[in-house]
Amino acid sequence: MKRDCLILGCVIVFGILAIQGSLLSFSSSEAFFYMNSVDYDKVFLFFIIPAHIFGIAWIDKYILYPLVIRIGNRRKSMLISCVWKWCFTFLFLCIWYSFLILLPTIKFPIRETPLFQIVENFPRYFMALLISANLATIFKHSKVPAVSSMAHFIAVLIPLIEMNGIRRALTLSGYGLHKFGFLYSWVYIKGNQVYPALLVIFALTIVYLFRISAKRDML
Amino acid sequence: MKIKVEHLTKKIRGTMVLEDINLEFSSGHIYGIVGKNGSGKTMLLRAIAGLIQPTDGKVLIDDQELNHRLTFPPDMGMIIEKPEFLNHLTGLENLKLLADIKHVVSVDEIRSYMEQFDLDPNSKKTMRKYSLGMKQKIAIIQAIMEKQQLLILDEPFNALDEATVEMLYEIFRGFRDEGRLLILTSHHAEDIEQLCDNVCFMENGKVKR
Ligand SMILES: Nc1ncnc2c1ncn2[C@@H]1O[C@H](COP(=O)(O)OP(=O)(O)OP(=O)(O)O)[C@@H](O)[C@H]1O
Ligand SMILES: [Mg+2]
């Protein structure tokens, strides 16, 4: 309950920041600038990821032992909960994107809206959120009680540290990463090498989840 | 059904919580596990239920070892420690959610179970507003509603009023006579005397006969 409040609080604070950001961007006079501001990594870090993780935390609440023993198998129940999370992720992004597409049509003529540019990034965000959902689940299953109880919070923190800390520091020190990323920075790298990279990370998280799920103690 | 516990040992982060436990359980009996707080009763039940992996030794259900293939004993109803439920749903909704997985119990049957335990199935109260005893009743209903053959009950009489406890005695004896297997723990000598035909004492993670 306390953890829910914490996450909800974060989502609200970040949400306000994001709304403020989009209002500012709305004052931009051209569709091109609008596009740039929604695709800004702050929106992703401070709004999309926390809101998404809140949904993941909600799904995790349902995984109680009376449910798991009825499903009858740890791996199966893990897979079912993951499929739920992935479906939620897809729906969540679809809703977010329909806002992104509808909002500018209020202000700008349709043909000026950079639809293609907006939709082009959908697969990247989708993959990144899937990875984030899997990471949250991995932390949730950690043997260290502190990690498992703060799982969703850590899952929000990681992209924040990566994008705002590591990536920024590297760029400032002149090692700008244009072709390679770590986990989430792939989203903002141009080029098609991004998709296999994100897929590999996603596959690794799933393999790891399956390995730990069979052995996990449900205390 | 026959359950064999062989040389079961469990270490959690370096502390020994179960040590070389050897026990046998068979259908048609009620087994009682007693011991002081922290003696390992709940841990033993968790191990039998497949919720924790033994560090050493094994649990056999009808000669089949519990492992990643057979994770939990089939057809098991259980209560472990505090009941876990979704607090934003009502009692009936919680039970329906669980019943929807196996589809062996109908909504009408769930309602009649709730009435038997003096709970109002039509109440709009969410579990958050349930009293301790009411939550315990829902936990018991979920453990028995699918007519499970193996019942693992950790302090099932906790927080229940006398009339309900008496009723449960009758229900559990009925289960035993039907040939089901019950394993329970309790801190009240009376529960154990009234119900159990086999008792094992635990101390510091070991079984003392
Ligand atoms: N989640 C946990 N993580 C680590 N150790 C635990 C955990 N739960 C219990 N233990 C330890 O395992 C030992 C046995 O605990 P257990 O809960 O089985 O006792 P119990 O006999 O059920 O006690 P009670 O009568 O209070 O219910 C204790 O030493 C306890 O500290
Ligand atoms: Mg206990």
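The values are calculated or read from the model by the stated rules, or taken from the named source; none is laboratory data. Everything quoted here is computed from the prediction, not taken from an experiment. Here the Cβ positions follow ideal geometry from the backbone for every residue, glycine too, while neighbour counts run over all protein chains shown. Heavy atoms of the whole protein, side chains included, go into the accessibility calculation; ligands, DNA and RNA do not. Shrake-Rupley method; radii C 1.70, N 1.55, O 1.52, S 1.80 Å.
Taking the Cβ of residue A:130 as the centre, find all other residues whose Cβ is under 14 Å away and add up their charges (Lys, Arg: +1; Asp, Glu: -1). Net charge in that neighbourhood comes out at +2. Considering only beta bridges that DSSP places wholly inside chain B, some 50 percent are antiparallel. Other residues lying with their Cβ under 9 Å from the Cβ of residue B:86 contribute a combined charge of -1, Lys and Arg counting +1, Asp and Glu -1. Its Cα gyration tensor gives the range B:83-145 an equivalent ellipsoid; the semi-axes, largest first and in whole Å, are 16, 12, 11. For residue A:65, the accessible surface of its heavy atoms amounts to roughly 20 Å² (probe 1.4 Å, protein chains only, rounded to the nearest 10).
Contact with the other protein chains removes 20 Å² or more of accessible area, compared with the isolated chain and a 1.4 Å probe, from these residues of the range B:73-93: B:76, B:78, B:80, B:84, B:86, B:88.
DSSP loop (so not H, G, I, E, B), at most 12 other Cβ within 10 Å: list which chymotrypsin sites (Phe, Trp or Tyr not before Pro) in the range A:117-188 pass both filters.
Working: sites: A:125, A:126, A:139, A:153, A:175, A:180, A:182, A:184, A:186, A:188; in loops: A:175, A:180, A:182, A:184.
Answer in residue order: A:175, A:180.
Annotation: for a label point projected 7 angstrom from Cα along Cα→Cβ of residue A:120, no residues of the range A:193-217 have a backbone N closer than 11 Å. Could you please state, rounded to a whole Å, how far the C-alpha centre of the range B:123-186 is from the C-alpha centre of the range B:14-90? What the calculation gives is 17 Å, centre to centre.
Partners of residue A:143 within straight-line reach, counting aspartates and glutamates whose Cα lies under 17 Å from its Cα and excluding those fewer than 8 residues away in the same chain: A:60, A:217. Per q in 0.12 1/Å, what log10 I(q)/I(0) does a Debye calculation on the alpha-carbon atoms of chain B return? Rounded to two decimals, the profile gives -0.63.
Rounded, prolate or oblate for the protein assembly as shown? Axes are the square roots of the Cα gyration tensor eigenvalues, ordered a ≥ b ≥ c, and the cut-off for rounded is a/c under 1.5. Prolate, since a/c reaches 1.5 and a/b exceeds b/c. Taking all Cα pairs closer than 8 Å and separated by 6 or more residues, the relative contact order of the range B:83-145 comes to 47 percent. Provide the FRET efficiency to the nearest 0.05 for the residue B:162-residue B:120 pair, computing r from the beta carbons and using R0 = 25 Å. Efficiency computed from Cβ-Cβ geometry: 0.75. Our helix-only sum for chain B, with -39,500 (n - 2.57) per DSSP H run of n ≥ 4 divided by its residues, gives a mean residue ellipticity at 222 nm of -9500 deg cm²/dmol. Going down the list B:10/B:137; A:76/B:102; A:76/B:82; B:4/B:135; B:135/B:208; A:61/B:129, which pairs span over 21 Å between their C-alpha atoms? Correct reply: B:10/B:137; A:76/B:82; B:4/B:135; B:135/B:208. Only Cα pairs under 8 Å and 6+ residues apart enter the sum, and on that basis the relative contact order of chain B stands at 32 percent.
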